[in-house]
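Only the coordinates and a few stated rules stand behind these numbers; no lab work does. Predicted, not measured: the structure shown is a model, and the values here were computed from it. Because the Cβ atoms are built from the backbone with ideal geometry, glycine has one as well, and the counts that use them run over all protein chains shown.
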Amino acid sequence: MSKLGETVAQKHGAGGSAMRTLIEKVFVAGLGPAGAGLAAMDDGAAIPVGDGFLVLTTDSYVIKPLFFPGGDIGRLAICGTINDLAMMGATEPLGLTCAVIIEAGFAIADLERIRDSMRAACVEAGATIVTGDTKVMGKGELDGIVVNTAGVAFAKRVVPDSGLRTGDRIIVTGSVGDHGFAVMAARHKLQLQGELVSDVAPLNGLVRAAQAAGGEFISAMKDPTRGGLSSALHEMAAKGKVGIVLDEACVPVRPEVRAASELLGIDPLHVANEGKAVIGVRADATDRVLQVLRAHPLGRDAAIIGGCVAERPGSVILDTGFGRRLLAEPEGELLPRIC
Amino acid sequence: MSAASSGVAELKFRDPGRARELTTALARLVQGLHRAPVTLMHVCGTHEQAIARFGLRSSLPPGLRVIMGPGCPVCVTDLGEVDEGVALALQGVRIATYGDMVKLPGSSKSLADAQAEGARVEVVYSATQAVELARASEEPVVFFASGFETTAVTTAAILLAKPPANFSVLSAHKYVPPAMEAVACLPETRVEGFLAAGHAAVITGYGLFEDFARRHHTPVVVAGFEPLDILAALVKLLEMIRDRDYGAANAYPRCVTREGNRHAQASLWRVFESADGPWRGIGVIPNGNLQLRKEWAALDARRRFRIDVSGLQQKARSELSRRCLCGKIMVGLVEPTDCPLFGRECVPESPVGACMVSSEGTCKIWYQYGGRPDLGGGT
């Protein structure tokens with residue numbers, strides 16, 4: 001684990017090892033028994049209720065720019081929370097909360113646009129916002145708008161992100177890197193050819209289908225958001241105490257994302273997704289889970305991308321077709337190279 | 001999910017089958033030389049990226065060492081040059097620079113540190129973007145320009161295109177051929193052949209290396225950046241060593257010519273002239289720096305501003321940085337894993353040396369791609 005330092009830095013929010021260090025050293029350790037359940041550091045908490053679990057999750061959303069090809073902060077705030085619930089195996093959201101903190105001077109028209117896309121995402125996910133909160137801060141006291149959503153759902157069986165076992169296969173539900181590159185291109189006004197569009201979408205329907213087909217053979221799930229596929233796989237490998245061998249040629253990457261990644265020197269495996277899931281499946285059930293995923297509109301490009309081995313627990317080994325190497329976890333903010 | 005073809009047969013530079021044929025040829029050639037290891041050097045972070053990223057070293061014959069030389073422009077940016085950028089930023093001047101330069105440590109501060117203290121440092125992706133920043137405001141904007149001849153040409157182009165009066169350049173541009181000269185003259189390095197960077201040779205032409213190869217009895221092959229480009233160039237290089245053919249060859253003919261881009265060369269030398277200058281960790285490289293010619297004084301930040309770096313340079317080198325092996329790594333004397341700090345005290349999150357900062361740096365690349373572990377199952 002890396003050192004924490006004196007002050008919070010940008011890297012502590014980038015989804016990699018620095019962020020895990022911050023959470024572990026400050027929050028998990030410091031909240032003690034009062035923070036029971038935090039220690040699992042999963043996408044959400046599972047509270048035993050009756051013969052199942054009440055799954056609870058919360059997330060705050062900040063993104064620049066607020067509107068980007070394929071979505072905006074509103075859609076992101078709904079989908080992110082729906083997906084965190086879904087990754088725990090809770091695909092029927094009972095209700096969402098929505099809190100916004102707005103900077104004075106923010107355009108009402110933009111606020112309405114954000115609200116409209118929240119509503120549309122809720123309809124897609126079959127979810128309802130049941131309560132909320134609004135605060136306004138002075139100009140310059142925050143950057144535009146911060147949205148927080150929380151979600152609650154019931155699950156008979158919780159799927160942890162720590163359930164991988166040797167022999168399990170790894171499925172990703174579609175192309176990787178779409179969201180991160182779309183936002184990067186919009187943020188830095190990069191003149192890139194081809195359409196870079198965020199994949200932000202609610203995954204509860206897709207996960208429901210996978211669970212119906214795979215049942216208890218689904219061993220682990222995670223959405224590869226910040227830090228991308230690489231961070232998600234590292235976390236799953238570490239928590240499951242397995243090695244993951246990733247077959248690079250099998251990872252779906254759209255050609256325009258591939259082009260942008262080559263140009264900027266940023267690996268699509270390190271870049272955020274907001275509409276994809278990584279699913280660990282016991283080998284026997286892989287084909288039937290893959291089949292139902294591919295039959296779903298959000299899983300058409302689903303692919304088996306690797307498997308779990310007993311060697312090198314916690315590591316992700318990338319087979320490039322030309323040789324093998326360790327896959328790295330992204331560090332800090334991704335910056336394009338210069339030559 | 002292959003890229004759409006435009007009627008032209010898709011060029012396959014990433015065909016593992018052809019890669020195996022080339023690695024078999026490499027093994028045969030190395031064996032035929034009857035001396036191992038044979039050491040070849042490339043001088044480009046993008047080559048190292050490709051070699052590491054594709055796990056190529058796991059498929060090279062054991063008697064072949066391919067090492068990286070001074071091929072990372074950010075890594076060789078001298079402490080003093082970073083100090084100039086930091087000093088300007090702390091004086092309140094708006095700085096535009098490439099991403100990797102922001103984290104690069106100076107004598108006591110990086111541009112990122114200056115930023116944390118309130119200085120305005122903007123990351124740009126092209127020289128043109130830096131000019132656009134200047135056009136969009138009245139205040140002075142200094143483009144802290146780094147990179148080898150590839151990016152120096154783009155800096156030259158914007159200066160020739162009459163940038164606004166509030167724009168100027170702080171050049172940390174470097175020129176690779178003199179650094180190859182310096183490495184070839186080091187008695188400790190036993191480099192038998194060089195791979196030259198394809199993108200730089202697009203501009204300079206591969207003919208530039210002919211004289212160098214003859215004088216040092218060391219062949220040079222220009223290589224592209226796909227795995228097959230690199231493997232094919234290594235095969236060519238070993239064949240030239242076997243045949244005692246001390247010349248320059250082109251294994252990247254789809255982009256590179258013998259003469260290069262004459263127009264770009266003319267632009268480069270109209271704006272820049274070579275000058276002796278320090279390369280971080282290596283020392284003074286004769287003619288290794290590209291500085292603005294006198295005619296461009298009005299756009300030269302060094303002539304336009306009084307840059308006072310004295311406040312930054314008092315700090316003595318830390319115990320850690322004295323143990324850093326970046327200098328030896330950059331001339332190919334040792335490998336990152338030979339450094340006691342690598343992956344322990346020195347990681348990308350808190351780099352000790354410049355090679356761990358830039359995505360073109362050997363240490364960062366090795367760290368990022370797991371160095372050279374024996375993972376088995378390679379091709």
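Report, as an integer, the average count of C-beta atoms from other chains found within 10 Å of each Cβ along B:97-103.
For peptide B:97-103, the averaged partner shielding equals 4.
Take each of the peptides A:229-237, A:82-90, A:257-265, average the number of other beta-carbon atoms within 10 Å over its residues, and list them starting from the highest.
Going from most to least packed, we get A:82-90, A:229-237, A:257-265.
Say each of B:Arg303 and B:Thr128 gets a label point 7 Å from the Cα, pointing the same way as Cα to Cβ; how far apart are those two points in nm?
Result: 2.7 nm between the two label points.
How big is the antiparallel share of DSSP beta bridges in the range A:43-155, given as a percent to the nearest 5?
If we restrict to bridges inside the range A:43-155, about 75 percent are antiparallel.
Quick one: work out the % antiparallel among DSSP beta bridges in chain B, nearest 5.
Here the antiparallel bridges make up roughly 20 percent for chain B.
Once you average over the residues of A:313-322, how many Cβ atoms of partner chains fall within 10 Å of each Cβ?
So the per-residue partner count for this stretch is 6.
Which value in nm describes the separation of the simple spin-label points at A:Thr166 and B:Ser321, placed 7 Å from the Cα toward the beta carbon?
Reported label-point gap for A:Thr166 and B:Ser321 is 4.8 nm.
Can you tell me which of B:99-108, B:118-127 comes out highest on packing, and rank the rest after it, using the mean Cβ neighbours within 10 Å?
Answer by packing, highest mean first, reads B:99-108, B:118-127.
Rounded to the nearest 500 deg cm²/dmol, what is the calculated helix-only ellipticity per residue at 222 nm for chain B, with -39500 (n - 2.57) per DSSP H run of length n ≥ 4?
-10500 deg cm²/dmol
In the range B:249-358, which trypsin sites (Lys or Arg not before Pro) fall in coil by DSSP and have 15 or fewer other Cβ atoms within 10 Å?
B:Arg254, B:Arg258, B:Arg293, B:Arg306, B:Lys315, B:Arg317, B:Arg344
Give me the one-decimal nm value for the distance between modelled label points at A:Ala40 and A:Thr97, 7 Å along each residue's Cα-to-Cβ direction.
2.0
What ranking of B:Cys346, B:Cys185, A:Cys122 emerges when the number of other C-beta atoms within 10 Å of each C-beta is taken as an exposure proxy, fewest first?
Ascending Cβ contact count within 10 Å gives the list B:Cys185, A:Cys122, B:Cys346.
Could you sort the peptides A:198-208, B:240-250, A:133-143 by per-residue average Cβ neighbour count (10 Å cutoff), highest mean leading?
Packing order, densest peptide first, comes out as A:198-208, B:240-250, A:133-143.
Ignore the peptide's own chain and count Cβ atoms of other chains within 10 Å of each Cβ in B:43-54; give me the average, rounded.
3
Quickly estimate the mean residue ellipticity at 222 nm for chain A, helices only: each DSSP H run with n ≥ 4 gives -39500 (n - 2.57), and the total goes over all residues, rounded to 500.
-8500 deg cm²/dmol
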